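A.B. asks: Following this message is one structure expressed as structure tokens.
Bear in mind these aren't lab numbers, they're just calculated from the coordinates by the rules spelled out. Not measured: the values here are computed from a predicted model. With ideal geometry, Cβ positions are generated from the backbone for all residues, glycine too; neighbour counts draw on all protein chains shown.
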């Protein structure tokens, strides 16, 4: 066989082998509160940023969103929601963990946690038990609320909770996506007026006759932007699953 034909044949063999190679399947489980959760059609355009996360991954990656409105790290455990996720985990999976919005509610003993006490302990539990199943935890600080001060910049509403997440990530060597910082920079850049369309500000309609002026929850447009912010940071940090992101969709 002539060398040129041999090289051509060898090239074709490698192409066929590459086409037949199946990338490993795994699941990304997401746990958290209403800023991440799947929403009912009747509350559209309200959208959790993990609700559309699967659209940015190839078909071998499953996103199983277990985030629920109103839950804190405490109530998520107490309601047995964490156990359901834990029982489903297998080696090679990931768990995205983002709590804080409801952990801050001192008036509600079923949800309230102290940032450097029960909140930190719950985060450490999520990390340890995820690793115990051969899966990988990824910690997220909570996204910002759209609360602007007189100086035209966002006012912090999360206190020590993001700091606690950062410390757990550092102490336990857990990947950290600092969404509090990323969304703060993004929303401040947009400014008070332009940022409204990314949160749940809607005109009056039959269901909401007064409209909605919600500075905590995201619109569909906002959820997509937050998801892209998170995924771009995952790519920057070169987290193993980031090679499965459909990069041409992440255009933010």
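A.B. asks: Take residue 106 and residue 208, extend 7 Å from each Cα along the Cα→Cβ direction, and tell me the distance between the two endpoints in nm.
C.D. replies: 3.0 nm
A.B. asks: Sticking with the crude label model, points 7 Å out along Cα→Cβ, report the distance from residue 249 to residue 23 in nm, one decimal please.
C.D. replies: 1.1 nm
A.B. asks: Next up: Compute the helix-to-body angle for 220-236: its Cα long axis versus the longest principal axis of the chain, expressed 0 to 90° and rounded to tens.
C.D. replies: With rounding to tens, the tilt is 50 degrees.
A.B. asks: When ranked by the protection proxy of mean other Cβ atoms within 10 Å per residue, highest first, what sequence do the peptides 115-122, 178-185 form?
C.D. replies: Put in order of decreasing packing, that is 178-185, 115-122.
A.B. asks: Just for the stretch 27-249, what percent of DSSP beta bridges are antiparallel, to the closest 5?
C.D. replies: Around 30 percent antiparallel, to the nearest 5.
A.B. asks: Suppose we look only past 24 Å in the calculated P(r) of the chain. What percent of the Cα-Cα pairs does that tail hold?
C.D. replies: Considering the chain, 51 percent of its Cα-Cα pairs are separated by more than 24 Å.
A.B. asks: Relative to the longest principal Cα axis of the chain, at what angle does helix 118-132 sit, 0 to 90 degrees, rounded to 10?
C.D. replies: On a 0 to 90 degree scale, this one is about 20.
A.B. asks: Taking a point 7 angstrom from the Cα of residue 160 along the C-beta vector, which residues in the stretch 102-138 have backbone N less than 11 Å away?
C.D. replies: Flagged as within label range: 114-120.
A.B. asks: Would you order 72, 242 from fewest to most other beta-carbon atoms within 10 Å of each residue's own beta-carbon?
C.D. replies: Ordered from fewest to most neighbouring Cβ atoms within 10 Å, 72, 242 come out as 242, 72.
A.B. asks: Cβ neighbours within 10 Å, averaged per peptide: list 77-89, 164-176 in order, most packed at the top.
C.D. replies: 164-176, 77-89
A.B. asks: While we're looking at this one, here's another question. Take the Cβ-Cβ distance between residue 150 and residue 173 as r, set R0 to 51 Å, and report the resulting FRET efficiency rounded to the nearest 0.05.
C.D. replies: The pair residue 150/residue 173 has a calculated efficiency of 0.80.
A.B. asks: Same structure, new question: Normalised by the residues of the chain, what does the relative contact order come to in percent, with Cα pairs under 8 Å and at least six apart?
C.D. replies: Answer for the chain is 19 percent.
A.B. asks: Let me ask something else about it. Expressed as a fraction of 2.2 N^0.38 Å, the rule-of-thumb size for a compact globular protein of N residues, what is the C-alpha radius of gyration of the stretch 108-189?
C.D. replies: The reported ratio for this selection is 1.23.
A.B. asks: Any chance you could give the angle, 0 to 90 degrees and rounded to 10, that helix 161-172 forms with the longest Cα principal axis of the chain?
C.D. replies: Helix 161-172 sits at roughly 40 degrees to that axis.
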